[in-house]
Amino acid sequence: WDNADFSRGVGTTFYQEFSTLNTAKPPFVRDVEAKVRRYMRSSYSAAWTLKITWEKAPVYSSWSDTRKTITYQAVLTTDGFRSYILMLYQDGEMQWDYTRLTATNVLIGYT
């Protein structure tokens, strides 16, 4: 995600934390739990979830074109024993021309 460039005042980043160990779960957390259950084919009940959103992020270097943006999220969640991350990209929002990125060894992932 280091190819996003917010230096020209275009786009924003924000986050929302959900601590749901002993509280009612909002619809977003219930949706995350359902995705984890479906993808991992196991039971899952989130104790904590963090949603980070990059909205209309322009490609690095934004001086070239701030009209081509991307909106995406990273959702981190744990039940206190197992942890997962969901990487979500908004439909139709990938407007970066990846063939023109400065780095040619693009890698997505986490450890």
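The values are calculated or read from the model by the stated rules, or taken from the named source; none is laboratory data. Since this is a predicted model, take the numbers as computed values, not measurements. We work out accessible area using only protein heavy atoms, side chains counted, and drop any ligands, DNA or RNA first. Shrake-Rupley method; radii C 1.70, N 1.55, O 1.52, S 1.80 Å.
One table, with the values for the structure above:
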item: Heavy-atom SASA rank of W54, W48 (probe 1.4 Å, accessible area, largest first); result: W48, W54
item: Vicinal HN-Hα couplings computed from phi for region 11-26 (Karplus, 6.51 cos²θ - 1.76 cosθ + 1.60; Hz; Gly/Pro x); result: x, 8, 10, 8, 9, 9, 9, 10, 9, 10, 4, 10, 10, 5, 8, x
item: Reachable lysines from K56, criterion Cα separation under 27 angstrom, eight or more residues apart if same chain; result: K35, K68
item: E33 - accessible surface, heavy atoms, 1.4 Å probe, Å² rounded to 10; result: 10 Å²
item: Whole-Hz couplings from phi, Karplus 6.51/-1.76/1.60, listed for region 29-36; x for Gly and Pro; result: 5, 4, 5, 4, 4, 5, 5, 4
item: Of all accessible heavy-atom area on region 1-93, the percent that carbon and sulfur account for (1.4 Å); result: 52 percent
